[in-house]
1. When you scan the stretch 16-47, how many residues do you find that are assigned to a loop (DSSP other than H, G, I, E, B) and either touching a strand residue (DSSP E or B) at 6+ places or on another chain (Cβ under 6 Å) or among the aliphatic types (A, V, I, L, M) (or both)?
2. For a quick check of your reading of the model, give me the residue pairs whose first member lies in the stretch 101-113 and is in contact (Cβ under 8 Å) with a residue 12 or more places away in the chain and more than 12 Å from Thr252 (Cα to Cα), whose second is assigned to a loop (DSSP other than H, G, I, E, B) and polar (S, T, N, Q), with beta-carbon atoms closer than 9 Å and at least 6 apart or on different chains.
3. With Thr124, Thr58 as the choices, which residue is surrounded by 21 or more Cβ atoms within 10 Å (Cβ to Cβ) and either at pLDDT below 90 or acidic (Asp, Glu) (or both)?
4. Can you name the condition, by its number, that Lys273 falls short on among (1) surrounded by fewer than 17 Cβ atoms within 10 Å (Cβ to Cβ); (2) within 21 Å of Gly136 (Cβ to Cβ); (3) touching a Ser or Thr at 6+ places or on another chain (Cβ under 7 Å); (4) not aromatic (Phe, Trp, Tyr)?
5. Can you list the helices (runs of 4 or more DSSP H) lying wholly within the stretch 160-216 that have 1 or more residues being modelled with pLDDT under 80 and of a type outside the set (D, E, K, R)?
6. Among the residues of the stretch 84-105, count how many are more than 20 Å from Val276 (Cβ to Cβ) and either modelled with pLDDT of 85 or more or not in a loop (DSSP other than H, G, I, E, B) (or both).
7. Considering only the stretch 248-272, how many residues are more than 16 Å from the chain's Cα centre (by Cα) and modelled with pLDDT under 95?
8. Answer yes or no as to whether Ser50 is assigned to a helix (DSSP H, G or I), under 20 Å from the mean Cα position of the chain (by Cα) and under 15 Å from Gly262 (Cβ atoms).
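The values are calculated or read from the model by the stated rules, or taken from the named source; none is laboratory data. Quantities reported herein were computed from a predicted structural model and do not represent experimental measurements. Using ideal geometry, Cβ is built from the backbone for each residue, glycine included, and neighbour counts are taken over all protein chains shown.
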Amino acid sequence: MLDILIKAGCYVGIIVLGMVLRRIGFFKEEDFSVLSKIVIKVTLPAAIISSSAGRQITPDMLAIVALGLGGGVLYIILGFLMNLGRSKEQQAFEMLNLPGYNIGNFALPFTQSFLGSVGVLTTTLFDVGNAVICLGGAYGVAASVKEGGGFDVRRVGRALSRSVPFLVCITVQCLNLLKIQLPTPILSFAGIISNANAFLAMLMIGVGFKLEGDRSQLGRVLRILAVRYGVAVVLALCYYFLLPFDLEIRQTLVILAFAPIGSAVPGFTEELKGDVGLSCTINSAAILCSIVIIVALLVVML
């Protein structure tokens, strides 16, 4: 238990370090974009290759992809139903700011460090389904509700086709299914780079962390977070006690259920011409909640 607390405390410490370094001027606001590009386009894909390449995937494990997609769809439906009778703007906002999981920048470093290669494989499979929601799906549905237009599948396709982690994940899993092994030099190169992923991902969260918005909107923030984590409790219990997977896979799914809202959501909110300040507040508050919950779960489960 002490080892888990120390390692989790180190992650929190790296986030705090990022916050402090930005506060004293070492990092500027635009540096978040640079760190994000390094993590998403370099270290995260390397971590996926290093931990997932060569892993045997059984057909039943492909159901994990459906879990990642299904969780996002469930939150979108809840966002729609919770706001029946309210304005289209509020309905679209909550349909966009409820679903999606911050996997690559938040959950993966935890599963990579605490649950090993099985945790990473489960996480990447889950993120294949989640990516459809986070990288365009939720935005497309929310936009159609707000504007009264049809759902644009092309928008989702374009977003996914530009996502390096998504493309790497799909490629690696296809190679695994075909039992094709990547060359050793590539795996060694990816392994060295992947060692930096956890540090850079946590540092990036600290640099980009912010809480802002009108205090009068506190009720909406609490309402969205209550629904988000209330549903996460139900999903986590179902994952752990009802699914026929090995213990390590079920433990990983429990952690993923409590991952915070996707980091790209404020950007999509801006594109939707929604309340970006409120979206940033919800996103940052979700990170705080997820840190506390996931650390507690790790202590209990491991």
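1. So the count comes out to 1.
2. Within 9 Å, the pairs are Asn102/Ser263; Gly104/Ser263; Asn105/Ser263; Phe106/Ser263.
3. One residue alone meets the criteria, Thr124.
4. (3)
5. 164-177, 197-208
6. The total comes to 4.
7. Here the count works out to 6.
8. No, not satisfied.
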